[in-house]
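Structure, as structure tokens:
The values are calculated or read from the model by the stated rules, or taken from the named source; none is laboratory data. Bear in mind that the values here come from a model prediction, so they are computed numbers and not experimental data. Note: ideal-geometry Cβ built from the backbone for every residue, glycine included; neighbour counts use all protein chains shown.
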């Protein structure tokens with residue numbers, strides 16, 4: 001999906017990714033800025049089904065679709081006692097897409 005099509009399809013992508021990560025970090029409870037950037041990058045790559053695809057990636061340990069620098073942070077979220085699949089089910093971006 002090219003960037004202009006993504007912006008038309010999902011207006012929440014209109015803000016720069018770094019700005020979205022900063023906003024998420026400001027509202028987060030315990031997430032690092034790097035983890036916020038990884039979540040925003042994943043959401044940008046997978047759109048409306050980002051949570052389903054992230055859960056599936058956690059099961060397979062396969063983080064294709066985002067830059068390699070984000071894979072470690074996504075894996076840490078999966079394995080962290082305060083986060084993981086149960087946390088992901090209840091998580092939402094306040095200005096994000098509809099929940100998966």
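Residues checked against (1) part of a helix (DSSP H, G or I); (2) in contact (Cβ under 8 Å) with a residue 60 or more places away in the chain; (3) over 19 Å from residue 30 (Cβ atoms):
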site: 46; (1), (2), (3): yes, no, yes
site: 49; (1), (2), (3): yes, no, yes
site: 55; (1), (2), (3): yes, no, yes
site: 58; (1), (2), (3): yes, no, no
site: 70; (1), (2), (3): yes, no, no
site: 73; (1), (2), (3): yes, no, no
site: 78; (1), (2), (3): yes, no, no
site: 81; (1), (2), (3): no, no, no
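Which one of these is modelled with pLDDT of 65 or more, surrounded by fewer than 16 Cβ atoms within 10 Å (Cβ to Cβ) and over 12 Å from the mean Cα position of the chain (by Cα): 82, 26, 9?
On the way: 26 fails: modelled with pLDDT of 65 or more; 9 fails: modelled with pLDDT of 65 or more.
The match here is 82.
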